Ligand code: NAP
């Protein structure tokens, strides 16, 4: 009997795959036999992850792109198909934020964050969906898109408003694309992570021990999440084990602590 949780052979693109959560996803997918292509703006982020995966016996390619450019998202999908022959999974993991009071935020600051988080997710999703439809087999195309939103996309954020708003947009886009592309057998789901201990998030969001302690107190599980704890739900959403799930938002946030904890 085939294992519905297997992702072996599922060709997967991971945007932002050279750092933090994306690098963990790339390792976890490749380790389970999924050929992966990691993509982002900086080759210096991508190369070490690609080389590490290859040394471990996995299949990994990389592509330097800026998700804000639709043509570059198309090229990312085309190159994946040129390398691996098809595409099965897209993980829109790229993301950016600026911590600034709204009153001081420049128009460029607003636009950069919204363009990367929301427009980038749209362009990459459209490129992947076109490929899923083009490679149709037996009447249905299939294909899984996993969008990485954020707890801030659900709750809002007082310090990173364009981040919260664009991540909310990613949730809405998930529901719209699930609805629009369901007839092709394409599933579109979203993961909204809470605080996950990555270098990028630490520098931006919990820069000192006091904030870190407050973050820990806010979680029901009383701790930060680890990158693998986001990668594993992605494996589930990429696999046949989630074949009747689309348009869903999965909170991966350690739960909210609706109580006071002593320091
Ligand atoms: P990270 O290491 O800063 O990851 C962000 C990634 O996005 C980087 O690899 C970056 O690569 C890529 N990226 C940024 N702008 C891009 C662009 N224009 N085009 C292509 N790639 C771009 O942070 P992380 O913690 O791993 O976060 C990963 C995702 O999870 C993000 O979407 C983030 O919003 C979300 N998230 C994280 C947390 C958390 O606590 N860690 C919580 C909620 C949501 P380059 O610099 O090479 O382009």
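Coordinate-derived values only; no laboratory data. Worth saying up front: this structure is predicted, and the values here are computed from it rather than measured. Virtual Cβ from ideal backbone geometry, glycine too; neighbours counted across all protein chains shown.
How high is the relative contact order of the stretch 84-239, in percent, with contacts defined as C-alpha pairs under 8 Å that are six or more residues apart?
Value for the stretch 84-239: 25 percent.
Hey, can you rank 42-53, 8-19, 68-79 by average C-beta count inside 10 Å, highest first?
Ranking, from highest mean packing down: 8-19, 68-79, 42-53.
Report Rg(Cα)/(2.2 N^0.38 Å) for the chain, keeping two decimals.
This ratio for the chain stands at 0.98.
With springs only between Cα atoms under 10 Å, which of 248, 220, 23 fluctuates most in a Gaussian network model of the chain?
Top of the fluctuation ranking is 220.
In a solvent-free Debye calculation with one equal scatterer on each Cα, what is log10 I(q)/I(0) for the stretch 144-198 at q = 0.29 Å⁻¹, listed in the order of the q values?
Log-scaled intensity ratios, in q order: -1.05.
Stretch residue 232-residue 112 to full length: gain in nm at 0.36 nm per residue minus the Cα-Cα span?
Extra length from residue 232 to residue 112 when fully extended: 40.2 nm.
At 0.36 nm per residue, minus the direct Cα-Cα distance, what do residue 69 and residue 184 gain on full extension? Give it in nm, one decimal, please.
So the extension gain works out to 38.9 nm.
Take the chain, connect every pair of alpha-carbon atoms lying under 10 Å apart with a spring to form a Gaussian network, then pick out the residue of 137, 217, 41 with the largest mean-square fluctuation.
Its mean-square fluctuation being the largest, the pick is 137.
Output the relative contact order of the chain, whole-number percent, from Cα pairs under 8 angstrom with separation of 6+ residues.
Normalised by residue count, the contact order of the chain is 19 percent.
If you line up the long axis of helix 161-181 against the longest principal axis of the chain, both from Cα atoms, how many degrees apart are they, to the nearest 10?
Roughly 30 degrees between the two axes.
For each of 123, 224, count neighbouring Cβ atoms within 10 Å of the residue's Cβ, then give the residues from fewest to most.
Fewest-to-most ranking of 123, 224: 224, 123.
Taking the simple approach of a point 7 Å from Cα along Cα-to-Cβ for both residue 251 and residue 135, what is their distance in nm?
3.5 nm
Kirkwood hydrodynamic radius, the stretch 145-263, all distinct C-alpha pairs: what's the number in Å?
Its Kirkwood hydrodynamic radius stands at 15.3 Å.
Any chance you could get the radius of gyration and Dmax over the Cα atoms of the stretch 105-203, in Å?
15.3, 51
Kindly state, to the nearest 0.05, the FRET efficiency for residue 44 paired with residue 244, given R0 = 45 Å and r defined as their beta-carbon distance. Please report the intermediate quantities before stating the final value.
Numbers: r = 41 Å, r/R0 = 0.91.
Approximately 0.65, to the nearest 0.05.
When DSSP assigns beta bridges and you keep just the ones with both residues in the chain, what percent turn out antiparallel, to the nearest 5? Mind showing how you got there, number by number?
Working: 2 of 28 bridges.
Once the DSSP bridges in the chain are tallied, antiparallel ones form about 5 percent.
Please find, in a Gaussian network model of the chain (springs between Cα atoms separated by less than 10 Å), the residue of 172, 92, 117 whose mean-square fluctuation is greatest.
Checking each option, the largest mean-square fluctuation is seen for 172.
What's the angle, to the nearest 10 degrees (0 to 90), between helix 228-238's Cα axis and the longest principal axis of the chain?
That helix lies at roughly 40 degrees to the long axis.
Can you sort 160, 1 from fewest to most other Cβ atoms within 10 Å of each residue's own Cβ? Walk me through the intermediate numbers first.
On the way: 160 22, 1 3.
If I rank by nearby Cβ atoms, fewest first, I get 1, 160.
Roughly how many nanometres apart are two label points built 7 Å out from the Cα toward the Cβ at residue 99 and residue 220?
Label-label distance for residue 99 and residue 220, simple model: 2.7 nm.
Angle check, please: helix 209-218 long axis (alpha carbons) against the longest principal axis of the chain (alpha carbons), in degrees 0 to 90, nearest 10.
70 degrees
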